[in-house]
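Trainee: Before I ask anything, let me first share the structure, which is written out below as C-alpha cells.
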Ligand code: HEC
C-alpha cells in the first residue's frame with residue numbers, strides 16, 4: 001500500500017475510534033443525568049410558549065386558551081426555583097403576572113393585549129435566564 005493511502009487509512013481509523021469514544025461519553029452522560037423536574041418544567045414552558053405564539057399568529061382560540069392554562073400551572077410551581085434572591089423572585093412573579101394579564105386579555109377578547117403580553121413574557125424568560133447564567 002502506498003504511504004499516502006496508509007496515512008489516510010490511519011486517519012480514518014483514528015476518526016472512527018474517536019467518534020466511538022465521543023458517543024460513549026455522551027451516552028454515559030445522558031444515562032447518568034435523567035431530566036430533573038426543573039428541566040421538564042422548563043421544557044414544557046418552552047413548548048407552551050411556542051404553541052402560544054403559533055396560536056396567536058393563526059388565531060387558534062382553543063390552543064391559545066390551553067397554552068395559557070398550561071403556562072399558568074407551570075408558573076405556580078416553585079420546584080424549579082434556583083435562587084432565593086430578590087431578582088430571581090421578582091422575575092418569577094413577573095412571569096406569573098404576565099400570564100395572568102394574558103388570560104384576562106384573552107377573556108376580554110383583547111388580542112392586542114395578549115400579543116403585548118407575549119412580548120413581556122419572553123422578555124421575562126430572557127431576563128431571568130441572564131440572572132441564572134451569570135450566577
Ligand atoms: C424566574 C426565572 C426563570 C424564568 C422567568 C424562566 N426560566 Fe427557564 N430556567 C430557569 C432556571 C433556574 C433553569 C434551570 C437552569 C439550570 O439549573 O441550569 C431554566 C432552564 C430553562 C431551559 C433549559 C431546560 C433544560 O433542558 O436544561 C429552558 C429551555 C427554559 N428554561 C425555557 C424558558 C422559557 C421559554 C421561559 C419563558 C416562557 C423561561 N424559561 C422562563 C429560570 C427561569
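Trainee: In what sequence, highest mean first, do 77-86, 112-121 appear when ranked by Cβ atoms within 10 angstrom?
Mentor: 112-121, 77-86
Trainee: With r defined as the distance between the Cβ atoms of residue 82 and residue 54 and R0 fixed at 25 Å, what FRET efficiency is calculated, to the nearest 0.05?
Mentor: After rounding to 0.05, the efficiency reads 0.30.
Trainee: Right, here's the next one. Of the listed peptides 91-102, 62-73, what is their order by residue-averaged count of other C-beta atoms within 10 Å, with the highest listed first?
Mentor: 91-102, 62-73
Read the figures in this text as sums done on the coordinates, not as results from a lab. Here the structure is a predicted model, which means the values were calculated and not measured. Positions of Cβ are generated from backbone atoms using ideal geometry, with glycine treated the same way; all protein chains shown enter the neighbour counts.
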